[in-house]
1. In terms of modelled amide H atoms, which long-range or inter-chain residues lie less than 5 Å from the amide H of T131?
2. Long-range amide H contacts for W316: which residues qualify at under 5 Å (H placed 1.01 Å from N, peptide plane, sequence gap of 5 or more or a different chain)?
3. Using the heavy atoms of the protein chains and a 1.4 angstrom probe, tell me the accessible area per residue for the chain in square angstrom.
4. Of (i) 92, 51, 50; (ii) 83, 57, 44; (iii) 65, 63, 47, which one was derived for Cα extents along the principal axes in Å from the structure shown?
5. Using +1 at the Cβ of each Lys and Arg and -1 at the Cβ of each Asp and Glu in the chain, identify which of Y321, H278, L88 lies farthest towards the dipole's positive end.
6. Could you work out the relative contact order of the chain? I mean the mean sequence separation of Cα pairs under 8 Å and 6+ apart, divided by the number of residues, in percent.
7. Ignoring any ligand, DNA or RNA, what whole percent of the accessible area of the chain comes from carbon and sulfur when the probe is 1.4 angstrom?
8. For the stretch 436-447, just list the computed ³J(HN,Hα) in residue order, Karplus coefficients 6.51, -1.76 and 1.60, θ = phi - 60°, integers in Hz, with x standing in for Gly and Pro.
Amino acid sequence: MEATAWPPPIAHLGYDQVLSILHLLPAESVLSFAVTCRAFHAWASSDALWEALCRRDWGARAAAALAERRRGVPWRRIYAEVALLGALSARRIPVKGASPRPRASHSLNLVAGWLVLFGGGCEGGRHLADTWVTYVGNGVGNRSSNVFSWQQLDSGTLSGRFGHSCSLVGDALVLFGGINDQGQRLNDTWIGQIICEESHRMRISWRLLEVGPFAPSPRGAHAACCVDDKFIVIHGGIGLYGGRLGDTWLLDLSNGLQSGSWRQVGDTEPLPLSRSGHTLTWIGGTRMVLFGGRGSEFDVLNDVWLLDISERYPKWKEIKYDLSSVLGEMPFPRVGHSATLVFGGKILVYGGEDSQRRRKDDFWILDLPALLQVESGSKKMKKRMWKKLRIDGQCPNYRSFHGACVDTSGCCVYIFGGMVDSPVHPSEASGLRFDGQLYQVEIVLHL
């Protein structure tokens, strides 16, 4: 007697029930579902479904920015374009009027449509204490002008420094630490309140944040990021007497920026090596990614670590990979680079320098879905973690210790300053010089 071929249980579910399940699956699983039969292919190709997946995976702001540009292009194709991202477009932004002095190891943030530049170091090892702002708008296609104008603001009592961190918390800035031109390491914490007075005019009110009796030791060239507008996490840096640090601290800002409290976290082995000039990038939720930097023996690194602060005792986890299997498919070791979270679940890494102080001009993306699958034990995703991007237009030249930040849509990155290569003259010990140009880098999608 022949066995009866029964349809799979999912065939008994209605369209709405299947769609609710597909909303919960990774995009790769939805695509696998689509090839099982014609009916499932039609269901899995729903434009509403893929729009929901874009919003879930990239955030509402990024999806809204794409909605303005897509011109009827199906959301499934947009998702594929982002997954296969291969190019960026760059331009040097012309500036009218006075401009900030060339510098490096400064901070650059985008808040309420304004680029905010503070401090840094310039020729002669001198620190800077100036604050400059320029209005750029709130997203792709919403720029105020193709020519920008810088305005210098009063920095108030905030002292000059370089190698500090400055993180965006809502519409405020939280600045920590740094080094002044006497070589003094700092461990003060400042709040910068953004006050928009009228169209294209603003000011910043800086004040010391009360943090109680505990604080990280004085340092500069550390890495920092903001987690969900509630916490600041810092790691490493250069401490007293020039030693590299490897500690991790969390600043709790649950009191609404009126006060904060520091505590040390993530001190259970394994731990990232002590380092400086590295990056720490928030990737959503309570997780962040550490990349690169210069170690205690002045070796330059390209290791990747994850930290989740949701646990009672947060632990670092290294994302290990066999270098022989990914050689040429991941960035070379670097320090003084930038790493910004852009839309599509990707970290954009740019520039930096190697152990011989050779500066770089390459752009790489670290794919977060692939990284998290590698963390879970998937070996086949290791070659998909990193991808080098082509850059079209006016590419920023080789540089390190520049400033970089991303707009609210996650589509556009601004880059300012840094140390760049220069022709060596007989009177110079090296070809080092500081840059004062502003660049705009956008993700290229063929929509």
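1. When sequence neighbours closer than 5 places are left aside, the close amide H contacts are L153, S155.
2. T268
3. Values: 20610 Å² over 447 residues.
It amounts to 46 Å² per residue over the chain.
4. Computing Cα extents along the principal axes in Å and matching it to (i) 92, 51, 50; (ii) 83, 57, 44; (iii) 65, 63, 47 gives (i).
5. L88
6. On the way: 1071 pairs, mean separation 66.1, N = 447.
So the answer I get is 15 percent.
7. Working: 10770 of 20610 Å².
The C+S portion of the solvent-accessible surface of the chain is 52 percent.
8. Karplus-based 3J(HN,Hα) across the stretch 436-447 equals x, 8, 10, 10, 10, 10, 10, 6, 9, 10, 8, 9 Hz.
The values are calculated or read from the model by the stated rules, or taken from the named source; none is laboratory data. None of the values given here were measured: they were computed from a predicted structure. Cβ sites come from the backbone with ideal geometry, for glycine too, and all protein chains shown count toward neighbours. Ligands, DNA and RNA are stripped out before the accessible areas are found, and what is left, the full protein with its side chains, is counted by its heavy atoms. Shrake-Rupley method; radii C 1.70, N 1.55, O 1.52, S 1.80 Å.
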